[in-house]
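Here's the structure, in structure tokens; my notes come after.
The values are calculated or read from the model by the stated rules, or taken from the named source; none is laboratory data. Everything quoted here is computed from the prediction, not taken from an experiment. Backbone-built Cβ (ideal geometry, glycine too); neighbour counts: all protein chains shown. Heads up: the accessible areas ignore ligands, DNA and RNA and are worked out on the full protein's heavy atoms, side chains in. Shrake-Rupley method; radii C 1.70, N 1.55, O 1.52, S 1.80 Å.
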Amino acid sequence: MIYQQARDNSVNRYICYAGYMEIDSAIAALGALAQGTRLDVFRLLVRHEPTGLAAGEIARQLDVPQNTMSAHLGILARAGLVRSERHSRSIIYRADLGGLRALTLFLVKDCCAGSPELCVPLLAELAPCC
């Protein structure tokens, strides 16, 4: 398996190219999403893929002070769930769909005890949105 260290060089953020996360990375991602505002931010960014949103626009849409939003975005970025890119004077944030994919695979990789037919309903529900 080939591992790549996350861009922020954090010690516990290694994602396997096969699509699986290390347990510490999964805990960090789930912890980041376990707060209401951060979950709202992540879902908003997923809806705005692939263009993303400026930090100020995210704060405005969710009615959160910009300094508070900055802290939330930092937590999500360190957890591997969002990434940012500077465009002129704005920073555009996007959902890191690779991180979402890795987290989802981590959660369901042992699903159904080797009986793939049991996972069909889950996959059927995911198919229309993906």
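Heavy-atom surface analysis with a 1.4 Å probe gives the stretch 31-93 a carbon and sulfur content of 48 percent of its accessible area. Between residue 40 and residue 117, the modelled label-to-label distance comes to 4.5 nm, taking each label 7 Å out from Cα in the direction of the beta carbon. Close amide H partners of residue 96, meaning residues 5 or more places away or on another chain with modelled amide H under 5 Å apart, are 82, 83. Here the peptides 112-124, 23-35, 58-70, 92-104 are ranked by packing, the mean other Cβ count within 10 Å, and the order with the highest first is 92-104, 23-35, 58-70, 112-124.
The stretch 50-83 and the stretch 100-130 have Cα centres separated by 28 Å.
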